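Reading through the structure tokens given below for one structure.
The values are calculated or read from the model by the stated rules, or taken from the named source; none is laboratory data. Keep in mind that what you see is a predicted model, and the values were worked out from it rather than measured. Ideal geometry is used to build each Cβ from the backbone, glycine not excepted, and the neighbour counts take in all protein chains shown. Just the protein is used for accessible areas: all its heavy atoms, side chains included, with ligands, DNA and RNA removed. Shrake-Rupley method; radii C 1.70, N 1.55, O 1.52, S 1.80 Å.
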Amino acid sequence: MTKTAQRTAAPVGDASGKRPQRTAPRRLILLMAASALAVLALVFLVLGGGDFQPASAVTPEGTMTAVQIIPLVILVVMFVVATKWPLNIGVMGLVASFGVGYFMLGMTDKEILAEFPASIVLTIIGVTYFFSMAQRNGTIDIIVQSCVRLVRGKTMLLPWVFFLIAAALTSLGTFSPAAVALLAPAALGFAYESRVHPVLMGAFVINGAHAGGFSPLSVAGVLVHDVALKNGFPISQGALFTASFALNLILSVLTIAVFALLGRLRDGENGQHADLDTTRTGRPHGQQILTLVLIAIILVCTLGFHLPIGFVALSAGLLLALVNIKEHQTFIGGISWSTVLLVAGMITYVSLLQHVGVIDTLAKQALALGAPLLVALVLCYVIGVGSAFASSTALLTAFIPLAGPLLASSSLSASGTVAALAIAATVVDVSPFSTDGALVVANASESDRQRVYRQLMAYAGAVVLVGPALAWGLLVPTGIM
């Protein structure tokens with residue numbers, strides 16, 4: 001769900017050694033995104049009515065003051081910078097929190113950090129710490145290879161196998177980009193062996209990762225639930241997970257139907273495929289058996305006894321580290337520190353925006369659009385388009401608070417609206433500008449990367465158009481959640 005410096009994993013050349021001609025289109029798309037954000041900032045400035053008198057509360061008319069406009073413009077600039085360059089927006093958020101809080105609002109460091117998301121940070125550290133060990137000791141490979149054997153040569157079942165594996169990994173707590181990074185090499189390799197279209201296979205891996213990405217055990221699921229709870233509209237974690245799984249399943253069915261209509265299920269002229277080697281699975285042993293037992297224990301402790309997953313995962317990870325003490329430092333390196341910084345910085349800065357009344361003012365201006373259903377649809381598209389180029393996690397922390405006043409002034413379901421926003425922010429991560437999409441391109445064969453890049457861009461464009469509307473249409477007007 002995060003876009004990081006892994007963008008460099010995007011295609012860098014073809015077999016001839018020439019650089020792909022994608023610089024101009026990419027610059028054009030980034031320019032369009034930056035322009036849209038700039039226009040948004042200009043609209044807010046205009047709606048501010050020229051009122052530049054400092055204030056810490058929303059004015060009766062719902063216009064914005066200088067103390068609200070300046071932090072908001074800084075937020076827009078942060079997103080533009082993070083889109084253009086591989087800089088961690090969380091670091092920028094922490095620095096901006098210090099600058100705005102200390103110099104503009106006269107807050108102390110303790111006041112600035114009052115809303116620092118310690119529990120979410122601990123969850124990210126614990127989960128990524130444990131599953132980095134599961135990857136390194138071969139447990140994840142055992143699970144993948146065992147599942148692939150189930151297809152027994154029926155190659156068109158492979159995309160669904162990887163969809164389910166990715167969903168299982170993320171639902172158990174593996175961070176979405178980590179799950180894609182684990183599975184993409186094997187998935188693309190099997191795709192070329194069996195002549196399944198590599199873009200189709202990559203899309204199924206990403207969709208599967210997102211299908212399980214909002215489980216009660218996952219980083220994203222805990223994040224969305226905690227942010228919503230903090231803003232006064234608790235949501236059902238089970239409903240969020242079910243909605244995410246169902247929407248990504250529907251999107252995958254639509255994907256395979258479109259590929260079938262276009263005649264691109266098979267990637268080859270004759271449609272023949274090679275026999276798959278399904279004999280590579282070994283029996284788990286030693287640390288792998290212990291890791292599988294610990295995964296089961298984590299499930300029981302968190303789902304059965306409702307223990308905090310961050311502490312439980314850290315405890316399980318420490319036990320694995322004691323078994324393999326020599327590699328402990330490499331396990332520490334497996335923690336997703338970039339995600340820790342991103343979430344901590346963005347939530348801290350957004351809490352500062354709430355403190356000065358920015359969220360309430362933006363919500364009032366959004367409500368001026370008219371029907372709550374229209375406002376929810378606009379929010380879904382804004383977060384979806386933005387997430388194709390920026391961090392999904394950062395956008396979720398910024399946009400979920402906007403839903404508070406909308407939900408308070410309407411009969412919309414809190415769980416349905418938040419789930420629609422969360423799904424709209426993540427389904428577009430098939431974009432090659434995202435970590436997940438870039439991993440798919442990077443694992444394509446060197447001579448095929450340019451083609452995979454172009455076709456994945458086209459697929460991502462279709463998802464950006466359809467995904468947010470699908471999430472909104474099935475979850476918001478229906479009141480199903």
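Residues that are buried (at least 22 other Cβ atoms within 10 Å of the Cβ) and part of a helix (DSSP H, G or I): does region 102-110 have at least one? Looking for residues that are buried (at least 22 other Cβ atoms within 10 Å of the Cβ) and part of a helix (DSSP H, G or I), one finds none in region 102-110, hence no.
Screening region 247-267 for residues that are of a type in the set (A, V, I, L, M, F, W, C) and outside any helix (DSSP H, G or I) and picking the one that is modelled with the highest pLDDT gives Leu262. Residues of region 463-481 that are in contact (Cβ under 8 Å) with a residue 12 or more places away in the chain, assigned to a helix (DSSP H, G or I) and open to solvent by less than 50 Å² (accessible area, probe 1.4 Å): Val463, Val464, Gly467, Pro468, Ala469, Leu470, Ala471, Leu475. Residues in region 138-154: is at least one at pLDDT 75 or above and open to solvent by less than 10 Å² (accessible area, probe 1.4 Å)? Checking region 138-154: at least one residue is at pLDDT 75 or above and open to solvent by less than 10 Å² (accessible area, probe 1.4 Å). Is it true that Ala184 is within 30 Å of Gly310 (Cβ to Cβ), modelled with pLDDT of 90 or more and either more than 23 Å from the chain's Cα centre (by Cα) or assigned to a helix (DSSP H, G or I) (or both)? So Ala184 does not fit the description; no.
Do we find that Gln237 is farther than 21 Å from Arg264 by Cβ and without any contact (Cβ under 8 Å) to a residue 24 or more places away in the chain in this structure? Spelling it out, Gln237 is indeed farther than 21 Å from Arg264 by Cβ and without any contact (Cβ under 8 Å) to a residue 24 or more places away in the chain. Checking each residue in region 386-407 for being over 23 Å from Ile89 (Cα atoms) and open to solvent by less than 10 Å² (accessible area, probe 1.4 Å) picks out only Leu406. If you filter region 321-347 down to residues that are open to solvent by less than 30 Å² (accessible area, probe 1.4 Å), of a type in the set (A, V, I, L, M) and within 27 Å of the chain's Cα centre (by Cα), you find that the one that is modelled with the highest pLDDT is Ala344. Does Ala96 satisfy the condition of being part of a helix (DSSP H, G or I), free of Cβ contacts under 8 Å to residues at least 60 places away in the same chain, small (Gly, Ala, Ser) and open to solvent by less than 50 Å² (accessible area, probe 1.4 Å)? So Ala96 does not fit the description; no.
Of everything listed in (1) closer than 18 Å to Val73 by Cα; (2) surrounded by fewer than 20 Cβ atoms within 10 Å (Cβ to Cβ); (3) of a type in the set (S, T, N, Q), the single unmet condition for Ser351 is (2).
In region 414-425, the residues that are in contact (Cβ under 8 Å) with a residue 12 or more places away in the chain and of a type in the set (Ser, Thr, Tyr) reach residues that are assigned to a helix (DSSP H, G or I) and open to solvent by 10 Å² or more (accessible area, probe 1.4 Å) with C-beta atoms within less than 6 angstrom, at least six apart or across chains, in these pairs: Ser415/Ala239. The number of residues in region 408-450 being closer than 16 Å to Leu229 by Cβ, modelled with pLDDT of 80 or more and open to solvent by 10 Å² or more (accessible area, probe 1.4 Å) comes to 3.
Every residue, every condition in (1) in contact with a Phe, Trp or Tyr (Cβ under 9 Å, 6 or more places away or on another chain); (2) surrounded by fewer than 19 Cβ atoms within 10 Å (Cβ to Cβ), yes or no:
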{"position": "Trp160", "(1), (2)": "yes, yes"}
{"position": "Leu164", "(1), (2)": "no, yes"}
{"position": "Ala167", "(1), (2)": "yes, no"}
{"position": "Ser171", "(1), (2)": "yes, no"}
{"position": "Phe175", "(1), (2)": "yes, no"}
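When region 111-128 is filtered for residues that are crowded, with 20+ Cβ neighbours inside 10 Å and within 14 Å of Ser351 (Cα to Cα), the ones remaining, listed by number, are Ile112, Pro117.
Restricting attention to region 187-236, and to residues there that are of a type in the set (D, E, K, R) and assigned to a helix (DSSP H, G or I), which single residue is nearest to the chain's Cα centre (by Cα)? The extreme case among them is Asp226.
Suppose the filter is in contact (Cβ under 8 Å) with a residue 12 or more places away in the chain, in contact with a Cys (Cβ under 8 Å, 6 or more places away or on another chain) and either of a type in the set (A, V, I, L, M, F, W, C) or within 29 Å of Asn88 (Cα to Cα) (or both); does Val312 pass it? So Val312 passes the test. Taking every residue in region 77-88 that is free of Cβ contacts under 8 Å to residues at least 60 places away in the same chain and pairing it with any residue that is in a helix (DSSP H, G or I) and among the charged types (D, E, K, R), at least 6 positions away or on another chain, yields no pair with a Cβ-Cβ distance below 7 Å. Looking at Leu229, Leu200, just one residue is open to solvent by less than 20 Å² (accessible area, probe 1.4 Å), over 25 Å from Tyr129 (Cα atoms) and either among the β-branched types (Val, Ile, Thr) or modelled with pLDDT of 80 or more (or both), and that residue is Leu200.
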